[in-house]
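Trainee: Here it is, the structure in full.
The values are calculated or read from the model by the stated rules, or taken from the named source; none is laboratory data. Every value quoted in this text rests on a predicted model; they were computed, and no experiment measured them. In this analysis, Cβ positions are derived from the backbone assuming ideal geometry, glycine residues included, and neighbour counts consider all displayed protein chains.
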Amino acid sequence: MFRNFKLVPRVIFGRGCFSQLDEILSPQRTTLKDWVVFVTDDVFTGTALASRIPLHDNDLLLYVNVDDEPKTQYVDQLTQQVKTARPTLPCAVVGMGGGATMDLAKAISLMLTNPGSSTEYQGWDLIKHPAVYHAAVPTLSGTGAEVSRTTVLTGPEKKLGLNSDYTVFDQVVLDPELTAGVPKDQYFYTGMDCYIHCIESLAGTYLNEFSKAYGEKSLDLCRQVFLENHPDAADKLMMASFFGGMSIAYSQVGACHALSYGLSFLLGIHHGVGCCIAFDALEEYYPDGVKEFRVMMEKTGVDIPRQVTKDLDDAQMNTMIDVALGLAPLWENCLGKDWQTIMTRDKARSLFLKM
Ligand SMILES: NC(=O)c1ccc[n+]([C@@H]2O[C@H](COP(=O)([O-])OP(=O)(O)OC[C@H]3O[C@@H](n4cnc5c(N)ncnc54)[C@H](O)[C@@H]3O)[C@@H](O)[C@H]2O)c1
Ligand SMILES: [Fe+2]
């Protein structure tokens, strides 16, 4: 069985292309009553970027906070806020920010047309109705959330995405100028999320020419960004993120992502930095990638938190192992069909203890 892969239908790329957002959205505004919600990372409150958002009289500027990774409860609350703001549904939802904000925008656009709580849709293809038109304006590069068919949410019982064809954005606006203000450590962590997507995809047993084509180009761009000096590094990383997302969409991530989900679920460690912490412990599985990652880390002058698991008790460690080993496709991609005989609970524990 081959996956019939849903792609983002429209993409605009280039420095300053954010200025075209109003024109891009205008076909959605068919009557005077039509209105747009701009789901915007609250880091932009009062900034020059916020003043450039093409707000019409009836539109809603909805600031969101991503200090914690998106939770189902927060999605439900924001959806309710949008529903009660005006008597009609919005004609478009625009997400402006990093992976977390883009995920919130995707989730809101889905939950506006699907009844109940977002927890009911955590899984694969559980969404029944098409979402409200939704567009992404990434301000941080690396996650690939701008191209993926999921929105990663932490619910009361599980951390699992709303995976569906309806989740995919209708439009992506790639303006590398918007990433200019990202703090250096965050730029590195999220950039490494992309680098690791490529390493895991290219080393995986699920690899095919489709994923390889995107993964190799993305990896090449990551190397240019983090090992060389280029004035247009932000442009390169934005395209690396897009291509890295395309690569894993048709293959899978691997051991690093599986273990990082454990760190994130139990310790609340954010995705990018969690991937860096896990990857640094995986020399045995990705020897060249981990070596190169360390060179990139040194060149960027960023470090990662160490000994994050040292105070965990047995029960907590077991929860973390359960979460990580629950992600069977990731392990199968990394280690093959016999992965369970290789990645035993003891082995997973020993890896976590190195972090
Ligand atoms: N849907 C997917 O396919 C997918 C894939 C990978 C990760 N994710 C999700 O993405 C999230 C991680 O995303 P991320 O790494 O992009 O980080 P993020 O969205 O969590 O943002 C990290 C920090 O950077 C700040 N920031 C963003 N843009 C900025 C800018 N231009 N200037 C200054 N600060 C800025 C944010 O305010 C935040 O404090 C996680 O929640 C993860 O689960 C989703
Ligand atoms: Fe990732």
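Trainee: What number of residues in segment 183-228 are within 16 Å of ligand 1 (Cβ to nearest atom) and crowded, with 21+ Cβ neighbours inside 10 Å?
Mentor: Of the residues in segment 183-228, 22 are within 16 Å of ligand 1 (Cβ to nearest atom) and crowded, with 21+ Cβ neighbours inside 10 Å.
Trainee: Sticking with this structure for a sec: Within segment 174-230, count every residue that is closer than 13 Å to Ala240 by Cα, among the acidic types (Asp, Glu) and away from ligand 2 (no atom under 16 Å from the Cβ).
Mentor: Within segment 174-230, residues that are closer than 13 Å to Ala240 by Cα, among the acidic types (Asp, Glu) and away from ligand 2 (no atom under 16 Å from the Cβ) number 2.
Trainee: Which residue pairs have Cβ atoms under 7 Å apart, sit 6 or more places apart or on different chains, and have a first residue in segment 284-303 that is within 14 Å of Cys256 (Cβ to Cβ) and in contact (Cβ under 8 Å) with a residue 40 or more places away in the chain and a second that is outside any loop (DSSP other than H, G, I, E, B) and of a type in the set (A, V, I, L, M, F, W, C)?
Mentor: Partner pairs satisfying both residue conditions: Tyr285/Ala255; Tyr285/Cys334; Tyr286/Ile199; Gly289/Ile199; Phe293/Met192; Phe293/Phe279.
Trainee: Taking the condition within 16 Å of ligand 2 (Cβ to nearest atom), in a loop (DSSP other than H, G, I, E, B) and either surrounded by 11 or more Cβ atoms within 10 Å (Cβ to Cβ) or not aliphatic (A, V, I, L, M) (or both), does Val66 pass?
Mentor: For Val66, the condition - within 16 Å of ligand 2 (Cβ to nearest atom), in a loop (DSSP other than H, G, I, E, B) and either surrounded by 11 or more Cβ atoms within 10 Å (Cβ to Cβ) or not aliphatic (A, V, I, L, M) (or both) - is met.
Yes/no per residue for (1) part of a helix (DSSP H, G or I); (2) under 14 Å from the mean Cα position of the chain (by Cα):
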| residue | (1), (2) |
| --- | --- |
| Val182 | no, no |
| Met192 | yes, yes |
| Ser201 | yes, no |
| Lys212 | yes, no |
| Leu221 | yes, no |
| Gln224 | yes, no |
| Ala234 | yes, no |
| Met238 | yes, yes |
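Trainee: Looking only at segment 260-318, how many residues end up being of a type in the set (Val, Ile, Thr), closer than 22 Å to Ile199 by Cα and either exposed (fewer than 13 other Cβ atoms within 10 Å of the Cβ) or away from ligand 2 (no atom under 14 Å from the Cβ) (or both)?
Mentor: 5
Trainee: May I pose another question? Where the second residue is within 14 Å of ligand 1 (Cβ to nearest atom) and in a strand (DSSP E or B) and the first is touching a residue at least 24 places away in the same chain (Cβ under 8 Å) and lies in segment 120-143, which pairs have Cβ atoms under 6 Å and are six or more apart or on separate chains?
Mentor: Final answer for the pair search is Tyr121/Leu162; Gln122/Leu160; Trp124/Asn163; Ala136/Gly95; Ala136/Val172; Val137/Met96; Val137/Val173; Thr139/Gly97.
Trainee: I need every pair where a residue in segment 60-87 that is assigned by TED's automatic domain parsing to the domain that holds Thr47 has its Cβ under 8 Å from the Cβ of a residue that is surrounded by fewer than 17 Cβ atoms within 10 Å (Cβ to Cβ) and among the basic types (Lys, Arg), sequence separation at least 6 or different chains.
Mentor: These pairs meet every condition: Leu60/Arg86.
Trainee: Considering only segment 19-39, I want to know if a residue exists there that is modelled with pLDDT of 95 or more, assigned to a loop (DSSP other than H, G, I, E, B) and of a type in the set (Phe, Trp, Tyr).
Mentor: Yes - at least one qualifying residue is present in segment 19-39.
Trainee: How many of the residues in segment 229-251 are touching a Pro at 6+ places or on another chain (Cβ under 9 Å) and either within 11 Å of ligand 1 (Cβ to nearest atom) or on the phi > 0 side of the Ramachandran plot (or both)?
Mentor: Adding up the residues that qualify gives 2.
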